[in-house]
Amino acid sequence: MKALLHDIRQCRICEPNLPLGPRPIATAHTKSKIVIIGQAPGTKVHASGIPWDDASGKQLRKWLNVSDEDFYDERKFAIIPIGFCYPGKGKTGDLPPRKECAPQWHQSLFDKMKQVELVILIGMYAQKYYLKEQAKRTLTETVANYKEYLPYYFVLPHPSPRNRFWLTKNPWFEGEVVFDLKQQVSKILK
């Protein structure tokens, strides 16, 4: 696993397309129990090199009901985004994750993680990549039907502060989905 993570961190596949240059960010361990697959690092995470080291990460840890210490314990959580590097800024936020990373690296990582019990798919890009035609027409529909993907996949919206309107429009999410998420995570990490 160490050699694979080293290779990932040296990756330069999409270097010409990255405005801040390559800085692949991923964590994993052969004993990881839960895999978190998000979109791509933002500028703050690109600068720190620490996955989910921002307001979105704080909210995600709240949804999971875990401490920073547990969240960053690679034996508990592997963190593997769809795009490992910051993709750049678009009109309404960050650009979509680069398409090269997941096909290049994800299967190799999963091949080394034999104790994974849950894969958390955060946002539309992760859900479309892993669920393929099983993903619903919209992220809201996919998340509303989260039980269809259990026990292996748990689908979530992005925990970004920008999604506060989505959360307000969908109060069932924090009442039902987050409640179930906390229970699933707690059971696995016992």
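The values are calculated or read from the model by the stated rules, or taken from the named source; none is laboratory data. Keep in mind that this is a model prediction, so the values were computed, not measured. As a convention, Cβ positions derive from the backbone with ideal geometry for all residues, glycine included, and neighbour counts pool all protein chains shown.
Quick look at the numbers
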| read-out | value |
| --- | --- |
| Scope the stretch 35-65; condition over 21 Å from His6 (Cα atoms) and in contact with a Lys or Arg (Cβ under 8 Å, 6 or more places away or on another chain); matching residues | Asp54, Trp63, Leu64, Asn65 |
| Helices (runs of 4 or more DSSP H) completely within the stretch 91-190 that count 2 or more residues being surrounded by fewer than 14 Cβ atoms within 10 Å (Cβ to Cβ) | 107-112, 164-169, 178-189 |
| Given (1) within 26 Å of Pro96 (Cα to Cα); (2) over 16 Å from the mean Cα position of the chain (by Cα); (3) touching a residue at least 24 places away in the same chain (Cβ under 8 Å), number of the condition Val143 does not satisfy | (2) |
| In the stretch 8-35, residue surrounded by the fewest Cβ atoms within 10 Å (Cβ to Cβ) [restricted to those that are free of Cβ contacts under 8 Å to residues at least 60 places away in the same chain and closer than 24 Å to Leu121 by Cα] | Arg9 |
| Qualifying position, being closer than 26 Å to His29 by Cβ and of a type in the set (A, V, I, L, M), among Leu95, Leu109 | Leu109 |
| Condition check for Gly49: surrounded by fewer than 21 Cβ atoms within 10 Å (Cβ to Cβ) and at pLDDT below 95 | no |
